[in-house]
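The structure appears below as structure tokens.
The values are calculated or read from the model by the stated rules, or taken from the named source; none is laboratory data. Quick caveat, the model's predicted, so the values are computed rather than measured. So basically every Cβ, Gly included, is an ideal-geometry build from the backbone, and we count neighbours across all protein chains shown. Side chains are part of the model used for accessible areas, which takes the heavy atoms of the whole protein and leaves out ligands, DNA and RNA. Shrake-Rupley method; radii C 1.70, N 1.55, O 1.52, S 1.80 Å.
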Amino acid sequence: MLNALTRAHQIEHMSKTEYDLLIIGGGITGAGIALDATMRGLKVALVEMQDFSEGTSSRSTKLIHGGLRYLKQLQIGVVKETGRERAIVYENGPHVTTPEWMLLPFRKGGTFGEFTTNIGLKVYDSLAKVEKNERRHMLSKKEVLERVPNINKKALQGGGYYVEYKTDDSRLTIEVMKKAAQYGADLVNYLKADGFIYEKETIKGLKTTDQLSGITHNILAKAVVNAAGPWVDEVRAYDKDEPVSKKHLVHTKGVHLVFKQEDFPLTQAVYFDTESDGRMIFAIPRSGKTYVGTTDTFYTDDKKNPVADAKDKAYLIEAINFMFPSLNLTHDHIESSWAGIRPLIQSSSSKNASDISRKDEIWHNNSGLITIAGGKLTGYRHMAEEIVDEVSLYLKKNYKMHIAKVSTKNEPISGGDVGGSIGYHNFADNISRKAQSYGLTLEEGHMLALKYGSNAETVYQYAGITNDSEEKYGLPKALYAEVIYSILHEMVVKPTDFLIRRSGKLYFAIEEVMQYRQGIEKLLSDTFSWTDSQYEQYVSELDRAIADTKH
């Protein structure tokens, strides 16, 4: 259990334990490694200097997709691996990942024509081993307009229709973390790796600093994996050993804009090419909004806090207004936005950010440090398997440990025990009938069941133990229950943890953030007994986050 109330005690426990594996980085890659390793019987710890998924894994396009555009770049291996992983991720957690039919319009003079779209999607289906009911089919111009009436009719010839998977990237990450914790992993956010501990020339652990208390701790481990995402090179620089691989990361920025449905009405996800440079852009309906992305530009600024700047926004708005000319969108129509950093492996031949491979690589140092770099959200499970295979070899060589290989392919993540994709909606319908006995409406129960899957009844229980949530905090029972659950099971310690990463409200329900933030801040303050300075700090952090979405 990722209980924020016992977080300090857990760190103390970690400082007195020697682990088989210590992971640096609490994004989807680190989470996947923790799950795979604990299932193999290893004693595992993970540290994250920010909140879980705060760096990159909450800032993606929020799709589990095979990367159709990588086929165009002939990155066959990436398409094959990630395409096949999509269905596995979906089956193991249908409460955080759902199929989304995607329309790929083709027009005269565009990036894709009818022939290339048809062939490309056919090859895509084959490489990704797409199920028969989700295989592509082609649409006429009339059929495209029926699905997307406001699309640019000029030069439109038709469209391809195929399935991708929509996800909540941050919730996917936390559900994988929670599953790893169920298997015995010790995972902590806001605990920064500051340097390595050595025995002779070999790494034997980490020096860490608690970012909330300032207290330092040493954590010992037989093996250490660097899965720090955009900060991989900084972690490698801590190591006094000269790295075997001379490769390094290059960072690119991806920006997304969110619009109200009344400003950008869309009921069908569209994957379209821009007029200016032919880059492919997603426009996706979600939670009563439409979001659009992404850009892909080299980035060298603050990795902790990337934002969508005026140039990014202008690029996307120009692309939208070309493909949907009747909208006439401007900067003023943007309701919120987010930006994320892609940690990609440097390639001397790539002058364009979009041309850099998304493939992952594993790097070894003579000190024993193992680094995982690059990769995509979709391929997290397969990447984790590869890195734990390497860890197993290291432990066998240096400690004579024999670790049996265990597959996570059919292992539901936390909340995923719902009977797979087939049983998910029946499960949600059935469990939500219990909601009323906890003081929730049937609708609230169903919403929570869809979001939390097999953990839903635990959330209901927190609604049932309070009678003063509205009176004391001005929070509806369902929202109060979510906040309490997130503290006790998902290590939420700040308002931003809940409002950005555990709920996504800052991006897709900004009006609820403004309506309920004070109640959530007070609830967290009462729960953790914040000092005045802590209260001011955490409120200011949320203020800045809200401002950044409007930047």
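If you take all C-alpha pairs in segment 197-240, what percent of them are over 13 Å apart? That fraction is 63 percent. Peptides 50-63, 280-293, ordered by how many other C-beta atoms sit within 10 Å of their residues on average, highest first, read 50-63, 280-293. For the chain, the solvent-accessible area works out to 40 Å² per residue, with a probe of 1.4 Å and every protein chain left in place. When each of the peptides 134-143, 159-168, 101-110, 258-267 is scored by the mean number of other C-beta atoms lying within 10 Å of its residues, the order from highest to lowest reads 159-168, 101-110, 258-267, 134-143. For segment 78-230, the spherically averaged projection of the C-alpha convex hull amounts to 14.4 nm². With all protein chains in place and a 1.4 Å probe, the accessible surface of the chain carries 50 percent carbon and sulfur.
Our summary gives segment 427-535 a relative contact order of 18 percent, counting only alpha carbon pairs under 8 angstrom and 6 or more residues apart. Would you compute the Debye intensity of segment 357-433 from its alpha-carbon atoms alone, equal scatterers and no solvent, and pass along log10 I(q)/I(0) at q = 0.12, 0.15, 0.22 Å⁻¹ to two decimals? Normalising to I(0) and taking log10 leaves -0.54, -0.71, -1.04.
Where Rh is the Kirkwood radius over the Cα pairs of segment 430-497, the temperature 4 °C and the viscosity 1.567 mPa s, what D in µm²/s does Stokes-Einstein return? Using the Kirkwood radius from Cα pairs, D works out to 109 µm²/s.
Just want to confirm a number: the relative contact order over the chain, from Cα pairs under 8 angstrom separated by 6+ residues, in percent. Before the final figure, lay out each step's value.
Values: 1124 pairs, mean separation 106.6, N = 551.
Reported relative contact order: 19 percent.
3J(HN,Hα) couplings calculated from phi for segment 405-422 with the Karplus curve 6.51 cos²θ - 1.76 cosθ + 1.60 (θ = phi - 60°) are, in sequence order, 7, 10, 7, 8, 4, 10, 9, x, 6, 4, x, x, 7, 10, x, x, 5, 5 Hz; Gly and Pro show x. log10 I(q)/I(0), Debye, Cα-only segment 327-469, no solvent, q = 0.09, 0.13, 0.21 Å⁻¹? Result of the Debye calculation: -0.59, -0.92, -1.15.
Distances between placed amide hydrogens fall under 5 Å for K166 paired with I64, T98, E100, all partners being 5 or more residues away or on another chain.
Based on the Kirkwood radius over alpha-carbon pairs, what value in µm²/s does the Stokes-Einstein equation return for the translational diffusion coefficient of the chain at 37 °C and 0.692 mPa s?
Numbers: Rh = 24.2 Å.
Using the Kirkwood radius from Cα pairs, D works out to 136 µm²/s.
Every helix of 4 or more DSSP H residues in the chain counts as -39500 (n - 2.57), and over all residues that averages to -12000 deg cm²/dmol at 222 nm. Give me the net charge of Y535's neighbourhood, meaning all other residues with Cβ under 13 Å from the Cβ of Y535; Lys, Arg count +1, Asp, Glu -1. Neighbour charge sum, excluding Y535 itself: -3. Remark: spin-label model distance I197-N410 equals 4.0 nm, labels positioned 7 Å along the Cα→Cβ axis.
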